[in-house]
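Working notes, structure below.
The values are calculated or read from the model by the stated rules, or taken from the named source; none is laboratory data. Remember, predicted model here, so these are calculated numbers, not experimental data. In this analysis, Cβ positions are derived from the backbone assuming ideal geometry, glycine residues included, and neighbour counts consider all displayed protein chains. Heads up: the accessible areas ignore ligands, DNA and RNA and are worked out on the full protein's heavy atoms, side chains in. Shrake-Rupley method; radii C 1.70, N 1.55, O 1.52, S 1.80 Å.
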Amino acid sequence: MKYYEVKFLIRPYSSDASDLLAAMAGETGFETFEETDSGLTGYIQQQAFDHEQLDAVIAGFPLPGTTVTYTVSEAEDRDWNEQWEQEGFEPIVIDSEVNGAVTAPRSTIVIHDGRHLPPSTITQQPTPVTAIEIDAHLAFGTGTHETTRMVCATLAGIDLSQRRVLDCGCGTGILGIAAMKLGAQACIGYDIDEWSTENTRHNAVINQVELTTLLGDASILNTVEGTFNLVMANINRNILLQDMPLFRQKMAPHALLILSGFYTDDIPLLTAKANSLGLTLQGQREENGWACLLFEA
């Protein structure tokens, strides 16, 4: 994925100002920060960066007498998952009962890498188990983040048989692969990053499922024929608000839309946008301040 490196200069510098700036900038889509002696360095996907929104955050910075300036440059390409790739991760177990969900699980999902296989205590339980192996290379989406887990948990509670699925911002392909292994008829995923589309294809082969991957942003949906019975997008709030009308155009009657990648404070804004497009909220999950919403057309 292509990232911008944004260097923030805080005058006068204080740890309180730095923490506050990180929290406020994080609301605009920044994914990680590194502290410096005079401020912060933040990293954000290029497609998510919004100068006007960031300027508005800085203009409203609430500490009197503190000024914040910033410079933007393109971050060097590097393997953001290098440590993860070297060490792997312990299997992640997900089902639709996560966080008090009321739907009965159709399957327990176990996400693992090639080094750590699902434990026998899980594979021998009565509930069907769907194992997904993910080899994340230069892409995000391993199941370790709350938003990925919540989307998977939502999928685990849906009857996916005969559904044509659209995975928006596919990353490693984990969500599309989960949908296919849970019984979906077909899945198309797209991402703006070539590394991600290649990683999705790689992981689809590992999991022995067929996925179609496209390189581009949501506008590429104008080239895709037909509609979908399930659309899912685990992307930041601003991109979701921007692209939701395109998602809606590709939804069949009574299709489902799963959205995640945003904070619980963003729920009213995203719900209002969905309602304006004729979508009705059917389910909601929250974990550590992150949210996942399920809508129906």
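Against the definition (open to solvent by 50 Å² or more (accessible area, probe 1.4 Å), under 22 Å from Pro245 (Cβ atoms) and hydroxyl-bearing (Ser, Thr, Tyr)), how does Thr212 come out, yes or no?
no
Restricting to the range 33-61, give me the number of residues that are within 14 Å of Tyr13 (Cα to Cα) and assigned to a loop (DSSP other than H, G, I, E, B).
Start the filter on the range 33-61 by keeping residues that are within 14 Å of Tyr13 (Cα to Cα), which leaves 35-41, 61.
Filter again for assigned to a loop (DSSP other than H, G, I, E, B), leaving 36-38, 61.
Looking only at that region, the number is 4.
Within the range 265-289, the set of residues being open to solvent by 40 Å² or more (accessible area, probe 1.4 Å) and part of a helix (DSSP H, G or I) comprises Asp265, Pro268, Leu269, Ala272, Lys273, Asn275, Ser276. If you go through the range 15-57 and pick out every residue that is out of contact with any helix residue (DSSP H, G or I) (no Cβ under 6 Å at 6 or more places or on another chain), more than 13 Å from Arg237 (Cβ to Cβ), surrounded by 17 or more Cβ atoms within 10 Å (Cβ to Cβ) and among the aromatic types (Phe, Trp, Tyr), you end up with 1.
Within the bounds of the range 22-30, is there any residue that is acidic (Asp, Glu) and over 22 Å from the mean Cα position of the chain (by Cα)?
So far as the range 22-30 goes, no, none of its residues is acidic (Asp, Glu) and over 22 Å from the mean Cα position of the chain (by Cα).
Residue count for the range 64-95 under the criterion of being on the phi > 0 side of the Ramachandran plot and either open to solvent by 80 Å² or more (accessible area, probe 1.4 Å) or at pLDDT below 85 (or both): the result is 1.
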